[in-house]
Every structure is written in structure tokens, then in C-alpha cells.
1. When the range 236-246 is examined, which residues are found to be farther than 15 Å from residue 185 by Cβ and either of a type outside the set (Val, Ile, Thr) or in a strand (DSSP E or B) (or both)?
2. Do you know which residues across the range 216-230 are part of a strand (DSSP E or B) and either hydrophobic (A, V, I, L, M, F, W, C) or within 13 Å of residue 355 (Cα to Cα) (or both)?
3. State whether one or more residues within the range 279-302 are in contact with a helix residue (DSSP H, G or I) (Cβ under 8 Å, 6 or more places away or on another chain), farther than 30 Å from residue 329 by Cα and modelled with pLDDT of 95 or more.
4. Identify, from the list 306, 310, the residue that is open to solvent by 10 Å² or more (accessible area, probe 1.4 Å) and in contact (Cβ under 8 Å) with a residue 12 or more places away in the chain.
5. Would you pick out the residues in the range 257-273 that are in contact with a helix residue (DSSP H, G or I) (Cβ under 7 Å, 6 or more places away or on another chain) and surrounded by fewer than 21 Cβ atoms within 10 Å (Cβ to Cβ)?
6. I need a count of the residues in the range 313-326 that are touching a residue at least 40 places away in the same chain (Cβ under 8 Å) and hydrophobic (A, V, I, L, M, F, W, C).
7. Give all pairs with beta carbons closer than 7 Å in which a residue from the range 196-223 that is surrounded by fewer than 24 Cβ atoms within 10 Å (Cβ to Cβ) meets a residue that is of a type in the set (D, E, K, R) and assigned to a loop (DSSP other than H, G, I, E, B); count only pairs at least 6 apart in sequence or on separate chains.
8. Give the residues of the range 225-268 that are over 22 Å from residue 312 (Cα atoms) and of a type in the set (D, E, K, R), sorted by residue number.
Amino acid sequence: MARVGYLMLLLLLSATASTGRRLQQNLAGDWQGCTDVAPPGDKTCAQLKESGDCNTSVTSSRNYCAATCSRCTPSANATTAADAATPAQPEPVASSSNSSTAAGSSETPAPSPERESALEAAAGQAPSSEAPSSEPTSTAAAIQPSAATPSSEASAGSVASGNSSSAAVATGSGEVFKGDGTAFSEKVDNTGKGFACSFRYLNDWASVHFAAVNLPQWDNGNSCGRCATVRCVDSRCKTQDVDVTVMIVDQCPECKHGDLDFSIPVYREITGMWPHRLQVQWQWADCSPFINGTIHLAPKDGGNPFWQAFYFSNTKYPLSKVVLNGMELKRNQFQFFEHGAPLGNGPHKFEFYAANGAVVEATTDDPLKVQDLNVQFPEVK
């Protein structure tokens with residue numbers, strides 16, 4: 001009897017482990033992950049569900065908060081009696097210790113389903129160069145040539161640095177990188193709050209032309225808001241020698257040095273193909289021609305009279321530091337800036353320092369409300 005019981009236990013453990021592996025390996029297929037992976041930023045999964053954001057393109061494509069948002073049920077055409085009878089016990093998904101998690105959260109994002117699909121396609125049966133029948137029809141419609149006329153808009157507000165026009169643009173670089181190009185998301189609706197850089201506002205261009213940078217070049221979040229000009233150099237690309245500029249809005253924890261993970265419209269623009277894995281070449285570039293309007297402020301949830309934090313978006317050049325009422329704010333790698341002191345009475349003065357040395361100031365009566373600050377860095381010609 002003891003031997004029979006031991007054999008039954010082995011069979012049960014084997015079935016459970018097999019189901020766990022199947023669940024993990026098919027995150028991009030019929031099964032969905034059954035653990036809560038919190039999105040980068042300040043929202044918990046419960047808050048995300050309460051605000052009705054469970055089914056946004058970013059949340060669903062990256063499978064954030066799968067359990068809370070009730071995405072744990074396998075599709076009807078994939079469920080079998082054996083699957084229904086066996087409790088799913090997914091194995092943990094390996095992740096880097098520096099993966100894109102919200103500060104203060106112990107939940108670790110897993111690779112997106114689209115990234116998993118790209119990995120499988122590259123390792124096994126590569127997709128046909130023709131678009132599959134299940135391809136979303138809206139993707140092709142979203143692709144537009146990326147040529148953009150540099151903005152001639154004069155910046156608003158006061159410029160506090162007299163030498164900004166002659167300063168070297170720190171966002172550009174002559175160094176050329178090569179790596180794998182993949183894709184992970186459709187275009188978004190003027191927000192990057194579901195990405196690791198947590199930009200609360202993306203203009204129409206950045207809502208399409210964005211990418212996630214590999215962990216080695218994430219640079220503790222300092223790559224957020226930088227731009228890269230990229231082209232496909234793989235002989236399999238149907239489109240060759242087309243340069244497209246993208247903004248870094250996210251981290252790709254599983255990508256190696258030189259890799260970039262694009263929006264699907266950008267991937268198709270530079271390769272002429274449905275996303276899988278192709279070699280790309282890129283270098284850091286200037287974002288300013290693609291940014292219009294003024295700097296956007298959004299307060300972080302959870303502030304109190306003695307501690308506040310802020311998100312800043314839509315800057316022509318990446319920020320190097322921000323000062324509020326004479327106190328430098330502490331920058332988090334997920335791009336909120338902390339002010340650990342009482343705000344006091346207004347008006348309140350922000351000083352924004354760009355990576356190229358430019359400085360602008362903005363004054364507001366209430367920094368705890370979402371607003372455009374009516375200032376922008378002057379464009380360096």
C-alpha cells in the first residue's frame with residue numbers, strides 16, 4: 001500500500017508540474033497567466049480594476065493583473081477534461097532583479113505575451129512574410145511615414161540658462177548599436193502610464209513611435225525619454241534602409257545589450273513584416289523635432305502634507321534634475337520625482353534641468369493637480 005501511495009503521489013506531482021510548464025509556455029496563446037503582475041507606476045491591481053483599466057491595450061497585452069482582472073480562464077477551444085481536472089500551478093517566471101516594477105512593490109513583471117510570441121517564432125517556425133489571416137486590420141492603417149518637420153514653436157516661460165543654445169545635445173550619440181528587434185504593443189492612447197517610464201502623457205507621435213530598451217542600456221531609468229533612430233539590417237526584412245525615430249518609454253528586462261522592443265506599427269514600418277525577431281541597427285537621436293506643446297505635470301498617488309511625488313512628461317530633452325521651491329527632487333528609476341518636505345503655501349516654483357544643459361522655470365499655485373506648465377525647453381538647432 002505504501003508503494004502504491006508513493007507512485008500515486010509521483011504521478012500527481014508530475015501532472016501538476018506539467019500543467020505549470022504548459023501554462024507558463026503559453027502565456028501568448030490560449031492560456032493566460034494566473035498571477036497578479038503589477039504594472040509599473042503607482043497603481044495596485046485592485047486600483048487598476050476599480051478605475052476600469054483592466055482591458056486597456058497596455059494592461060491586456062502585457063498581461064498585468066491577470067488574476068484581479070479575471071483573465072485566468074483558458075479559452076473554450078483550448079480546454080480539455082484533463083486540463084479542467086488538473087489544478088494549474090504555474091512555475092515562477094524568471095526575471096531580473098532590476099525588472100520594471102513600481103517602487104515599493106514586490107510584484108515582478110513577466111515578459112509580455114508578444115515578446116514570448118516573438119521568441120517562439122525566432123526559435124522555431126518563423127512567421128510567413130505575408131501577414132497571417134488573424135492579423136489585426138487596424139495595424140496597417142496605423143502605419144504612417146515617420147518623416148517629421150522639426151517644430152518651429154517658440155518655447156513658453158522663462159529660460160534660466162543663457163548658454164543652452166550652444167550646449168551640446170546630450171541626447172544624441174555617434175555610437176551605433178546592433179541587436180534583435182522585436183515588438184510588444186499596439187499604439188497607445190496618449191499615455192505611457194502602463195510602461196516602466198510612467199509617462200502620464202505621450203503626444204500623438206510618441207503614442208505610436210515608442211520602444212522598450214534592453215536592461216543593460218536602461219541606465220537605471222535615465223534612458224527614459226531619450227530617442228533612437230533605427231533601421232532593419234536583416235537580409236530577411238522586406239523593407240530596407242528606412243530610418244525611424246522612436247522614444248524610449250519602457251524597459252525590456254529579457255532583452256540583451258543592443259536589443260530594442262518596438263510598438264507593432266514601428267516594427268512593421270522598419271521591416272515591412274509582421275513582428276518576429278530581426279536584426280536592427282540604431283543610435284541615440286534627438287527627440288525635440290517630434291515634441292510639441294509644453295511640459296506636463298501629474299502628481300503621484302499617495303502624497304501627503306509631508307511627502308509628494310510628481311511625474312513629468314512631454315519634455316523636448318530628457319530631464320537631468322528637477323528642483324521644487326529650492327529643493328532638488330529625488331528621482332526614481334520609474335520616473336517619479338519625490339519631494340520629502342511640506343509644500344507650504346503657493347505659488348510654487350519648479351526648475352527643470354535638461355540633459356543638454358538647458359534650464360526652464362515654471363510657477364504653479366497647485367502642484368497637486370494634473371496640468372500643463374506652459375513652459376518648454378528651447379529647441380537647439
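1. Initially, the range 236-246 is screened for residues farther than 15 Å from residue 185 by Cβ, giving 236-245.
Answer for the range 236-246, where residues must be farther than 15 Å from residue 185 by Cβ and either of a type outside the set (Val, Ile, Thr) or in a strand (DSSP E or B) (or both): 236, 237, 238, 240, 241, 243, 244, 245.
2. Keep residues of the range 216-230 that are part of a strand (DSSP E or B), which gives 227-230.
Residues satisfying the conditions are 227, 228, 230.
3. Yes.
4. Numbers: 310 fails: open to solvent by 10 Å² or more (accessible area, probe 1.4 Å).
Matching residue, one of 306, 310: 306.
5. Step one: of the range 257-273, the residues in contact with a helix residue (DSSP H, G or I) (Cβ under 7 Å, 6 or more places away or on another chain) are 257, 261, 264-265, 268.
Selection gives 257 alone.
6. Residues in the range 313-326 being touching a residue at least 40 places away in the same chain (Cβ under 8 Å) and hydrophobic (A, V, I, L, M, F, W, C): 2 in total.
7. Note: pairs meeting the criteria are 200/193; 207/187; 207/189; 208/187; 214/256; 214/259.
8. Selection gives 231, 234, 236, 238, 241, 243, 254, 256, 259, 261, 268.
The values are calculated or read from the model by the stated rules, or taken from the named source; none is laboratory data. The structure displayed is predicted, hence computed values, not measured ones. Counting neighbours? That spans all protein chains shown, and the Cβs are built from the backbone with ideal geometry, glycine included. Just so you know, the surface numbers come from the protein's heavy atoms only, side chains and all, with ligands and any DNA or RNA stripped out. Shrake-Rupley method; radii C 1.70, N 1.55, O 1.52, S 1.80 Å.
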